[in-house]
């Protein structure tokens, strides 16, 4: 059987007698268990544009986002569980799998999660598993505000598409190992799929941010959503698989225009990552690997200044208010079934009170509560006031962080946490350490976890009562995988809806 389109031809090799149909989404796509061979995989012709393997760097991304006139919020959702997710078959950009009943239920839960949120448009991948998820979530909203965007399709994996994972190991050996261990440099059929994906995701932002709406829902796939988050925040392809996207997980990005000059790209902040229909702590896999070793970052409960947004005050020095006490109790309930070995906290009142409420609920005789001086909040002064404004002013105050050595202090705190987690893991074979702290300290520790410098300050948001989970599939001293950021579903009606700013 041969497939032809626009002068590009692919010979399909049949594997294990599975019937496949050739489908095109701008690149050769294999079917259920097929490999596609072409005469030249060095380039793929798409609507007259030849896309070749990219040399995009592995550090801070060099993506230039389009200028925006006003504030925009983009909500990313991965599709629900598909038939190929269920059986462990590699999908890539093929379009043979469909949502399972579980996937439809996940999408329905996400619809409920987003039911009170207002969107101007829904932009989705053309692949059926994403399109069906978008239809379930969008529900009775206007069908005129739904757009299919070809570049939102899943990563193009060429000969890997349609293979079950064990079969992939047998057939491709070193290439499959590279895909798992060093995906940014993974090469197949003359292509670097992850690097290509980063380029494609970068181009998507012109279409997404070019829409006149200020609140945009995007429904796509695991890898492409990772690439969208990474390219928006300035992270290169080496961050693939380190920003998890679970089935029907919700991630939120805010784009704020720069006020100093026209034509500059917007300031971007990741408001939440992988807000899932199930508990943030229920998964036992990260990046396809089993893990039960993790650090849970807990932002202390609300105080008077955090509710009134009186940013001149330091909420870390204030006691919890009524809302903060409720949030702390909700945090404790969510951690009831989690084997937390040690609970670290800042020595300041809001964190101490939050930790006390959590430890009281957990009622474990062996739970250790440790005050860590390096977790103290910054004496904000005018910098906190500046941080609440748009990105341009926030950057103008960035020097205050350096002068206070808060980023260095956060690095020492992070090292203390990971070393302690290593000892817990050595003793128990697994372990969970929780830390209650202040937003800017938690953000700085996350930057250290990801190997980022202090120029990323203001990129990751932490809200009162939110949970962020870092998994360590390679052990406590390995690279951390961000399972979720700013998870707030446990707060019930005390959580802020995703489209409210």
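Here are the numbers for this structure:
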quantity: Distance histogram in 10 Å bins (all Cα pairs of region 129-200, percent per bin); calculated: 17, 37, 24, 17, 5
quantity: Compactness index (Cα Rg / 2.2 N^0.38 Å), region 407-501; calculated: 1.14
quantity: Ordering of 220-228, 131-139 by packing [mean C-beta count within 10 Å, highest first]; calculated: 220-228, 131-139
quantity: Taking 275, 420 and counting other C-beta atoms within 10 Å, the order from fewest to most; calculated: 420, 275
quantity: Shape of region 72-275, Cα gyration tensor, a/c cut at 1.5; calculated: oblate
quantity: Cα radius of gyration and Dmax for region 212-284 (Å); calculated: 13.9, 46
quantity: Dimensionless Rg/Rh of region 161-282 - Kirkwood Rh, Rg from C-alpha atoms; calculated: 1.03
quantity: Sequence ranges 291-300, 330-339, ranked by mean other-Cβ count within 10 angstrom, highest first; calculated: 291-300, 330-339
quantity: At R0 = 25 Å, FRET efficiency that the Cβ-Cβ distance of residue 492 and residue 140 yields, to 0.05; calculated: 0.55
quantity: Listed peptides 471-484, 198-211 by packing density, highest first (mean Cβ within 10 Å); calculated: 471-484, 198-211
quantity: Potential extension, residue 322-residue 412 segment - 0.36 nm per residue separation minus Cα distance; calculated: 29.1 nm
quantity: Relative contact order of region 140-269, pairs being alpha-carbon contacts under 8 Å that are 6 or more residues apart, as %; calculated: 22
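No value in this document is a laboratory result; all are computed from the given coordinates. As the structure is a computational prediction, the values presented were derived from the model and not from experiment. Positions of Cβ are backbone-derived with ideal geometry, glycine not excepted, and every protein chain shown enters the neighbour counts.
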